[in-house]
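To start, the structure itself, in structure tokens.
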Amino acid sequence: MRQAQVYHPDNQYEEAILDPIKPPINARDLLLWGGLLVVMGIGVAAYVRQFILGLGVTGMNRPVYWGVYITNFVFFIGLAHSGTFISAILRLSGAEFRKPLARAAEALTLFSLPFGVASIMIDMGRPDRVMNVILYGRFESPLLWDFTAVSLYLFSSVVFFYLSLLPDIALCRDRLEDVPSWQRSMYRILALGWKGHPEQFHRLERVMDGMAIFMTMLVVTVHTVVSWVFGMTIQPVWHSALIGPFFLLGAIFSGTAAVVIVLAILRKAYHLEDVLPVGLFNSLRKLLIVFSLGWLYMMIAEHLTLYYGNIPEEMEVFWQRFTGDFSIMFWVMTFAVFVVPILIFIFRGKNSIAWMVTASVLINIGMWLERYVVIIPTETRPRLLYELVQGSYTPTWTEWAITASLFAGMFLLYSIFTRFFPVVPLWETAETLEPETAFPEKRQRGFRGARRRRLGG
Amino acid sequence: MAKWSMVIDLDKCVACQGCSIACRFENNTPVVSPEEAALGRSILWNEVFPLRSEGEAAIASAQAKFLTRPCMHCEDPPCIKVCPVGATYKDDEGIVRQNYARCIGCRFCTVACPYGVRYFNWYEPSWEEGMDTHLNPDRVAGRGDLEGPAIRPKGVVEKCTFCIHRHHKAIARAEAEGREFRNSDYTPACVQTCTAKARFFGDFDDPNSTVSRLSQSRRAFRLLDEAGTSPKVIYLHEG
Amino acid sequence: MDLGNLISSLFLSPGPGGVIVILVMGGAATVYFFLTRWIIAGGKDEDNH
């Protein structure tokens, strides 16, 4: 068989983008990965102990049946919305600035989703019986909606991510000659024989556009369904139509803030200053300002309705948040998610990556607290029982260790990924998709990618 | 087909907690240590709650109020709706049952139940030395499910079943004696043991049964009627 | 036959829920497989000239 010619788009930053992948695995990598593995190991040990002894090793009790694990579940699924938001929603709206950061954001989706799913498994009293969900699944239960939506979301994200990675894997296959042979075979297998033919790029763009619509629908569905696990019960404050939109907004908010953190780390660690200019952070800053204000709106809409309505069982939960057991968390959350970040964004954030990262870290801490403050107070004052039993909840070291290991796992996957694959999409940020050697018969026809604008323009 | 229902007369209840204890022995509910109990992990299918009383008059009268609470066996139970695997279900006679063999321990039902009648096995159930040899040997005969007084594995949810095994036993006895099963053959342990005879049990669909007559009392009320769960446990107000 | 009862029982009884999950995931897998194949196949005819 004749060896087919391979073409790649021409990207002026190719050197810079491929640089992090080139050096062999060194002591610095091993130190980082080893450290993360140790943290994960502690979490695994804690989980094994929990598996053997039972969920009693957590701080959960009656009536607080759900605790940190479910908070983590909601948080990780929320974090996962970053990638889809940036690569799908911004793709549909034609925001060009998304291109260099699309893959970094999607990778965040991909590597946080599994830990959301894991959180559910960790929370189950009988993880060994998980197959019962398939064998005896009842679609009336919101948990089945969750199961379907999250599985489909994870699966679709993998495909969406992989497809956009395809031309770059092929480029790695052809350009990285000094890497170990196993790594080259990995690129060869994963590239699926990609040749960079204009027709291939053309079809890829079409599929990506189509999938972006589907992914946008999925992203809205997934986080709304996650919130319905709470909203479909008749427990006070949970049972509200606002819980879905509020969860969704929070998800995109924390996800976008997480992208800021990830971009800043990548930029610093892999010397991508030219590829990821400050301008990108300024674009994200505008988005984050909108989301902060949206968050304030939701917050006021929810709590003013509660307060004005003055329904006794809802007021129990309301005061738990504002002045009760969760008041410190509630106010820290308000400052971390809204007050401080919005001030930073408005007065300090422009052209300052350090301030942007500060605000984004605060937002993510705050959003985790928000999930906690939405879920737990209601459980401590459930309907009827708020008069009879007043619950309280203190997480144990097991729960914290497992939480830490989930975050460590996410960082580990992310850092390994960035050492083997280009974290900035080479083909999407290329000046032109015109291959190095032109196709004579294709020249006059041209294709959409050829009229691409320059990066960072 | 009977529709089993319970009436609890709070005026007669002396809060002796006999129902709670009888239930524990009848249904082999695991015992937890005082530390665990302080965390709110004690398992009492039939819990007795002191009611908060407010105001000077309540303090002056020094009258404590109590509420004993079995499962409400709702006609429209929120717990069944949310169970992803059908481990909890309502049988033909309206009893909300729990199959320990299928439960995956997600605790959605415990969160969804507005009455807090569902309990989770945080650890492997255990009994003190000596007690473990005197557990109730009764079992619910059936499809290999674990129900009622069967010893629960850790990590599953359990709840009041109106002593479903007693129902099965009563039917079997009537059969052995060669007679028709009568509704009075079946009584849950809490009703049988109640010191003040404050509890009544029977068929709600039978207009002549004690429960359906008492349900017409002006003192009759249901817990959280506004939640739309249609409980089959009916309380009678004090006084 | 009561169609409404049949449909509601699909959602209420234990079992069919798992089938729905499998159908959704299987459907997605099929669609994604053929989409990927279609993309890779782009421009193949011209190479074989």
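The values are calculated or read from the model by the stated rules, or taken from the named source; none is laboratory data. Predicted, not measured: the structure shown is a model, and the values here were computed from it. Cβ placement follows ideal geometry from the backbone for every residue including glycine, while neighbour counts extend to all protein chains displayed. Remember, those area values only see protein heavy atoms, side chains included, never the ligands or the DNA or RNA. Shrake-Rupley method; radii C 1.70, N 1.55, O 1.52, S 1.80 Å.
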Restricting to chain B, what percent of DSSP beta bridges are antiparallel, rounded to 5?
80 percent
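At 1.4 Å probe radius, can you tell me the per residue accessible area of the stretch A:1-149 in Å²? Working shown, then result.
Numbers: 5430 Å² over 149 residues.
Value returned for the stretch A:1-149: 36 Å² of accessible area per residue.
Let me make sure I get this right: for the stretch B:4-236, a, b and c are the square roots of the gyration tensor eigenvalues over alpha carbons, sorted descending. Under 1.5 in a/c it's rounded, otherwise prolate if a/b > b/c, else oblate. Which is it?
Numbers: a/c = 1.41, a/b = 1.10, b/c = 1.28.
Rounded.
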Select from A:S405, A:P114, A:S327 the residue farthest towards the positive end of the dipole of chain A; place +1 on Cβ of Lys and Arg, -1 on Cβ of Asp and Glu, and compute about the Cα centre.
A:P114
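Once you charge only the Cβ atoms, +1 for Lys and Arg and -1 for Asp and Glu, what is the size of the charge dipole of chain B about its Cα centre, to the nearest 20 debye? Don't jump to the answer; show the numbers that get you there.
Values: 30 positive and 31 negative charges, 47 e Å.
For this selection, approximately 220 debye.
Peptide B:39-48: average number of partner chain Cβ atoms within 10 Å per residue?
Numbers: counts 10, 10, 4, 2, 1, 1, 0, 0, 3, 1.
Across the residues of B:39-48, the mean count of other-chain Cβ atoms within 10 Å is 3.
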Per-residue accessible area for A:M131 at 1.4 Å probe radius, Å² rounded to 10?
110 Å²
Of the residues A:T358, A:H239, A:V48, the Cα lying farthest along the dipole of chain A towards its positive end, which is defined by charges on the beta carbon of Lys, Arg, Asp and Glu, belongs to A:T358
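At a 10 angstrom cut-off on C-beta neighbours, averaged per residue, how do the peptides A:98-106, A:169-177, C:36-44 rank from highest to lowest?
Details: A:98-106: 25.0, A:169-177: 19.1, C:36-44: 16.8.
The densest-packed peptide leads the list: A:98-106, A:169-177, C:36-44.
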Under a point-charge model restricted to the Cβ atoms of Lys and Arg (+1) and Asp and Glu (-1), what is the dipole moment magnitude of the protein assembly as shown relative to its Cα centre, in debye to the nearest 20?
1060 debye
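For the interface of chains B and A, what total accessible area is buried with a 1.4 Å probe, rounded to the nearest 100 Å²? Spell out each step's value before the answer.
Values: alone 12420 and 20620 Å², together 29310 Å².
It comes to approximately 3700 Å² buried between B and A.
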Charge dipole of the protein assembly as shown about the Cα centre (unit charges at C-beta), most positive-ward option of B:G105, B:L146, A:W427
A:W427
Sorted by chain and number, the residues with a modelled amide H under 5 Å from that of B:G202, at a separation of 5 or more or across chains, are B:S5
Which listed pairs, of A:K268/C:K44; B:K159/B:K197; B:K81/B:K169; A:K22/A:K286, have C-alpha distances above 31 Å, in listed order
A:K268/C:K44; A:K22/A:K286
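Hey, what number do you get for chain A at 222 nm if only DSSP H runs of n ≥ 4 count, each worth -39500 (n - 2.57), divided across all residues, to the nearest 500?
Details: 19 runs with 305 residues, N = 457.
Rounded to the nearest 500, it is -22000 deg cm²/dmol.
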Summarise the partner chain shielding of C:21-33 as one whole number: the mean count of Cβ atoms from other chains within 10 Å of each residue's Cβ.
4
Tell me, what is the per residue accessible area of the stretch C:3-43 in Å², probe radius 1.4 Å?
55 Å²
Determine the dipole magnitude for the stretch A:31-190: charges of +1 sit on the beta-carbon of Lys and Arg, -1 on that of Asp and Glu, nothing else is charged, the reference point is the Cα centre, and the result goes in debye to the nearest 20.
100 debye
For the pairing of chain C with chain A, what total accessible surface becomes buried, with a 1.4 angstrom probe, in square angstrom to the nearest 100?
2600 Å²
Using a 1.4 Å probe on the protein heavy atoms, what percent of the accessible area of the protein assembly as shown belongs to carbon and sulfur?
62 percent
One finds, for B:L51 and A:H239 with R0 = 25 angstrom and r their Cβ-Cβ distance, a FRET efficiency to the nearest 0.05 of 0.55
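Between B:A176 and B:N136, what is the FRET efficiency for a Förster distance of 25 Å, r being their Cβ-Cβ separation, to the nearest 0.05?
Working: r = 20 Å, r/R0 = 0.81.
With a Förster radius of 25 Å, E is 0.80.
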If you take the accessible area of C alone, add that of B alone, and subtract the area of the pair, what total do you get in Å², probe 1.4 Å, to the nearest 100?
100 Å²
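Averaged over peptide A:120-131, how many Cβ atoms belonging to another chain are found within 10 Å of each residue's Cβ? Write out the running numbers ahead of the final one.
Working: counts 1, 0, 0, 3, 5, 13, 13, 3, 4, 11, 3, 3.
For peptide A:120-131, the averaged partner shielding equals 5.
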R0 = 56 Å: FRET efficiency of A:V290 with C:T30, Cβ-based, nearest 0.05?
0.90
For chain B, with a Gaussian network of springs between Cα atoms less than 10 Å apart, report the residue from B:D145, B:D205, B:D91 with the top mean-square fluctuation.
B:D91
In degrees, nearest ten, helix C:3-12 long axis to first principal axis of chain C (Cα):
80 degrees
From a point 7 Å beyond the Cα of B:C16 in the direction of its Cβ, which residues of the stretch B:164-201 have a backbone N at a distance under 13 Å?
B:190-199
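Projected area of the stretch B:85-145, taken from the Cα convex hull and averaged over every viewing direction, in nm²? Intermediate results must be reported in sequence, preceding the final value.
Values: hull surface 23.3 nm².
Mean projected area of the Cα convex hull: 5.8 nm².
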List the residues, sorted by chain then number, that are 5 or more residues from B:F66 or on another chain and whose placed amide H is less than 5 Å from its amide H.
B:L51
